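One structure, as C-alpha cells, below. Some questions next.
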Amino acid sequence: MSDLELKVVAVTEEAPMVRSFELTSTSGENLPGYSPGSHIRVRLPNGDDRPYSLVNLDPSVEPDKGAASYWLGVRLEETSQGGSSFMHGVKPGDLISISLPKNDFALSDDAAPVVLIAGGIGITPIASMASELLGRKQDFRLHYSGRAQGSLAFLKPLRALLGDKLVEHYDDLNGGHLDVETLLSKVDSKSHLYVCGPKPMIEAVQASARKRGWPEERIHFELFTPPLPQSGDQPFEIEIASTGESFTVPAGKSIIDVLEEAGQDLIYDCQRGDCGICQTDVISGEPDHRDVVLTDSEKASGKVMQICVSRAHSAKLVLDL
C-alpha cells in the first residue's frame, strides 16, 4: 500500500457512536483528487488496514481536481476488529497513514435519474454522490434510513443541502425497516440505483430491483462492514489447481487470509464481498456464498465465489488459482 501521512485537524461527534475526521497533508499541499464513492484505507498500528469512504458535502468543490482535506465518517462498532476503535482514539494533531483514494463504487456519468439509498454509516459514500449530483443539477433522491431519530450522521448538513431531495426513514417511527418494495415500485427502472449499508438492506434492494427487471448494470452497491463469522463455521480444505497445493481454512479466517500467510500473491480489495475483485472460479466443491455480488443463479451454479468472505459447504474446494 502506497501511504500518505496525514494530520488529523478536526474530530467531530456527528451522531451517537459516529465521528467525522478531517485530515490534511503535513505540508499544507492539496491532497490527491478523488471521485464520489471513493475510499481510502487507514493503516492500523498492527499493520492491518481498514477502508473508509471519503465524504464531500459541498457541491461547489471538485474533489477530482484535488482536495484541501479529506473527510471520513466512522462509526464505533461494538464488534470492532481494530479499525473503528483505533479511529475513535485519534485526536487533533495525530498523524495517520492512509492509502491513495480508490473507487470501486463509482457514480455513472449517465444523465439518467438516480436513486440513492443509505443505511446508517453507509451514508458516507452516498453523501458524496448526492453532493456531486446536486452540482450536476441531475435528477435524484436520497433515502436515508436509521433505527431511530437521532441516530443518523451528517443529517443537519444533508437537510440544508438537499431539502426535499432527502427522504428520512426511522425504523422505530415507521414500524420496521425501509420498505424497498414500495420505494422501487415508484421508480423507473431506467434510473441508476446506488445502495450502501447493512448486508440485509443491500440484499433486499437487489432482490426487489431484480424482480422488477432492473438491469444489473444499473444496480450499484457497497457493503459497508465485513460479514461477521457465523456460529458453526467449520474448517475446510482448499486446493490450488495450478500447483496441487492444499491448505486448511480454519473458522475465523478467510481463504485470502490463509493463502496470503502461505505467500500467495492475490488480487483483492474490499474484503467485504461487494467489489467482486477477488472472484475466483471453483473447479469442484460447494461454496458457502456470503457476498452481495453474485446473482442467485450465479450462486446456485457453484462455479464462482468471492474468496474474501465466502467459505465451503463441502469438506474441500478446488480453486482455479
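For ASP288, ASP296, ASP265, write out the residues from largest to smallest accessible area, computed with a 1.4 angstrom probe and no ligands counted.
Solvent-accessible surface, decreasing: ASP265, ASP296, ASP288.
What ranking, highest mean first, results for peptides 192-204, 113-125 when packing means the other Cβ atoms within 10 Å averaged over each residue?
In decreasing order of mean packing, 192-204, 113-125 become 113-125, 192-204.
Based on Cβ point charges of +1 for Lys and Arg and -1 for Asp and Glu, what charge dipole magnitude is obtained for the chain about its Cα centre, in debye rounded to the nearest 20?
880 debye
Enter the accessible area of VAL167 (Å², nearest 10), with the probe set to 1.4 Å and all protein chains included.
Estimated to the nearest 10 Å², VAL167 gives 50 Å².
Next question, about the same structure. Could you tell me the calculated FRET efficiency between SER108 and ASP265, based on Cβ-Cβ distance and R0 = 35 angstrom, to the nearest 0.05?
Efficiency computed from Cβ-Cβ geometry: 0.65.
So how long is each side of the chain along the principal axes, counting just the alpha-carbon atoms, biggest first, in Å?
58, 50, 36
Still on this structure: May I ask what percent, to the nearest 5, of DSSP beta bridges between residues of the chain are antiparallel?
60 percent
Here is a follow-up. If R₀ is 30 angstrom, what is the calculated FRET efficiency for the pair THR295 and VAL187, using the beta carbon separation as r and rounding to 0.05?
0.90
Quick one: net charge of GLY150's neighbours, Cβ under 13 Å, K/R +1, D/E -1?
That works out to -3.
Let me ask you something else. Please work out how much length the chain gains when fully extended from LEU76 to ASP58, using 0.36 nm per residue of separation minus the C-alpha to C-alpha distance, in nm with one decimal.
Taking 0.36 nm per residue and subtracting the Cα distance, the gain is 4.0 nm.
Sequence neighbours fewer than 8 away in the same chain don't count; with that in mind, list the lysines whose C-alpha is under 29 Å from LYS7.
Excluding near neighbours in sequence, the set is LYS65, LYS91, LYS102, LYS156.
Quote the accessible area belonging to ILE283 in square angstrom, nearest 10, computed with a 1.4 Å probe and with ligands, DNA and RNA left uncounted.
100 Å²
For LYS211, which lysines qualify as cross-link partners when the Cα separation must be under 22 Å and same-chain residues fewer than eight apart are set aside?
Partners within reach: LYS186, LYS190, LYS199, LYS299.
Keeping the other protein chains in place, figure out the carbon and sulfur percent of the accessible area of region 63-218, with a 1.4 Å probe.
About 51 percent, which is the carbon plus sulfur part of the accessible surface.
How big is the equivalent ellipsoid of region 84-168 along its three axes, where each semi-axis is √(5λ) from the Cα gyration tensor, reported in whole Å from largest to smallest?
26, 18, 11
Shifting gears a bit: Measuring from centroid to centroid over Cα atoms, what is the spacing of region 181-224 and region 92-119 in Å?
18 Å
Which three semi-axes in whole Å describe the equivalent ellipsoid of region 134-275, each the square root of 5 times a Cα gyration tensor eigenvalue, listed largest first?
Semi-axes (√(5λ), whole Å): 38, 18, 16.
Which value in deg cm²/dmol, rounded to the nearest 500, describes the helix-derived mean residue ellipticity at 222 nm for the chain, given -39,500 (n - 2.57) per DSSP H run of n ≥ 4 and division by the residue count?
So the calculated ellipticity at 222 nm is -5000 deg cm²/dmol.
The values are calculated or read from the model by the stated rules, or taken from the named source; none is laboratory data. Predicted, not measured: the structure shown is a model, and the values here were computed from it. Positions of Cβ are generated from backbone atoms using ideal geometry, with glycine treated the same way; all protein chains shown enter the neighbour counts. Surface areas here come from the heavy atoms of the whole protein model, side chains and all, with no ligands, DNA or RNA. Shrake-Rupley method; radii C 1.70, N 1.55, O 1.52, S 1.80 Å.
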